[in-house]
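Engineer: This structure is in structure tokens; I'll ask about it shortly.
No lab work stands behind these numbers, since they all come straight from the coordinates. Remember, it's a predicted structure, so these values are computed and weren't measured experimentally. Cβ: placed from backbone, ideal geometry, glycine included. Neighbour counts: every protein chain shown.
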Amino acid sequence: MIQKFHVKKGDQVQVISGNHKGAVGKILQVLPKKSQVLIEGVRLIKKHTRKSQEQPQGAIIEREGPIQVSNVKIVEPKEAKPAKATKEVKPKAKAKPAAKAKKEKAA
């Protein structure tokens, strides 16, 4: 069974634990079977490639490595701080405002 996550592709997130704690970036890809995400500019790894027609000498390519989805938190766009994601159901669209913004709206 594939899980449902609190983040999706294109969300701005911050890493909250691990070696890359505090790093902020946009989600490039979600890997639901492994419960991991790829974040732009975070956990760059070097991949050694073989000789090919595009790379006649071979190459060392930098690319993003996966991070466990439980180690990221969505960043609220207004305050640029990590916040807990909540869902607000509207008649025709679903939005994911942060919990703080929802409380401020109600007050």
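Engineer: Among 14-20, 37-43, how do they line up by average Cβ neighbours within 10 Å per residue, starting with the highest?
Structural biologist: 37-43, 14-20
Engineer: In what sequence, highest mean first, do 21-30, 64-73 appear when ranked by Cβ atoms within 10 angstrom?
Structural biologist: The most tightly packed comes first, giving 64-73, 21-30.
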